[in-house]
């Protein structure tokens, strides 16, 4: 009952009080649509810096940087500065069940089994050489105040840099796992908190999935043991919102981009699938423009025929 109340209350607060910072939670679209959220323009708060602003609006570092390429990322922001918050997403083309993490997007989705709703939050993922794996698994353990048993590979890697780590880091303010962790049933991967929230939205981990402290606490309270977890890499997403067809393009996470022709062919296949039962007039010039920029923001590329 407590978990149901938390999820229901967050949906109510999001709709009635959109200025309040809560987990980004939306009712699932109807009528075959699969685009959620909206673009927002806000003003910088006096004394806030770039990473504080990203955290307040449930955004990751990279997605805020792409949406605001001219915004200073160091020091305090000017209060009058207009800032784009890209809280606009095409849902991944997977079953709407449990936890879904899209590597290219550096974003997690949680589909509630008891509510017609989805929560989405930014994550930090594995750096180059320590990539987060593509897996289909489940939550096998929920751990509050976890100890960090440091993998031998990480101990050896740090020793080469002159940094000596203990074999076990106990719970506390220096534990990089934070206060909450979800253990997945494959590859010893964890979804956990962080003591470095300014790195959320970047590729910085050793393979695990990091979340803002408040986001992992919310997910920890909401998700159940045994919930399905799917880690995917979908750099190109197609979606409908009303009569508009949208395209969202990210840099691929685990693979080379290939040529522009390769990318266009992949997008063409996605368009064919999305328009099979819902014909559309597609602006391929717009597709090329969206592909060239890789902003990760949905853009209209067509209209229902």
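Only the coordinates and a few stated rules stand behind these numbers; no lab work does. This structure is a prediction, so every number in the text was calculated from the model and none was measured. We place every Cβ from the backbone using ideal geometry, glycine too, and count neighbours over all the protein chains shown.
Over the C-alpha trace of segment 39-186, radius of gyration and Dmax come out as 18.4, 50 angstrom. Computed from the C-alpha gyration tensor, the three semi-axes of the ellipsoid equivalent to segment 199-264 are 29, 19, 12 Å, from longest to shortest. Rg/Rh for segment 39-118 stands at 1.06; both radii use Cα atoms, and Rh follows the Kirkwood definition.
The per residue volume of the convex hull around the alpha-carbon atoms of segment 236-304 is 76 Å³.
Mind giving me the nanometre distance, one decimal, between the label points for residue 204 and residue 70, set 7 Å out from Cα along Cα→Cβ? Output for this residue pair reads 2.8 nm. Here the sum of -39500 (n - 2.57) over DSSP H runs of 4 or more residues, divided by the residues of the chain, equals -7000 deg cm²/dmol at 222 nm, to the nearest 500.
How big is the Cα convex hull of segment 150-194 in projection, averaged over all directions, in nm²? Intermediate results must be reported in sequence, preceding the final value.
Values: hull surface 14.2 nm².
Hull-based average projected area comes out at 3.6 nm².
Scaled against 2.2 N^0.38 Å for its residue count N, the alpha carbon radius of gyration of segment 107-176 is 1.47.
Could you grab the Rg to Rh ratio for segment 146-305? Cα atoms only, Kirkwood for Rh.
Ratio value, two decimals: 1.09.
Peptides 63-72, 226-235 ordered by packing proxy, namely the average of other Cβ atoms within 10 Å per residue, highest first: 226-235, 63-72.
Diagonalise the Cα gyration tensor of the chain and give the resulting equivalent ellipsoid semi-axes, square root of 5 times each eigenvalue, largest first, whole Å.
Details: eigenvalues 194, 98, 94 Å².
They are 31, 22, 22 Å, listed largest first.
Ranked by the mean number of other Cβ atoms within 10 Å of their residues, highest first, the peptides 273-279, 292-298 come out as 292-298, 273-279.
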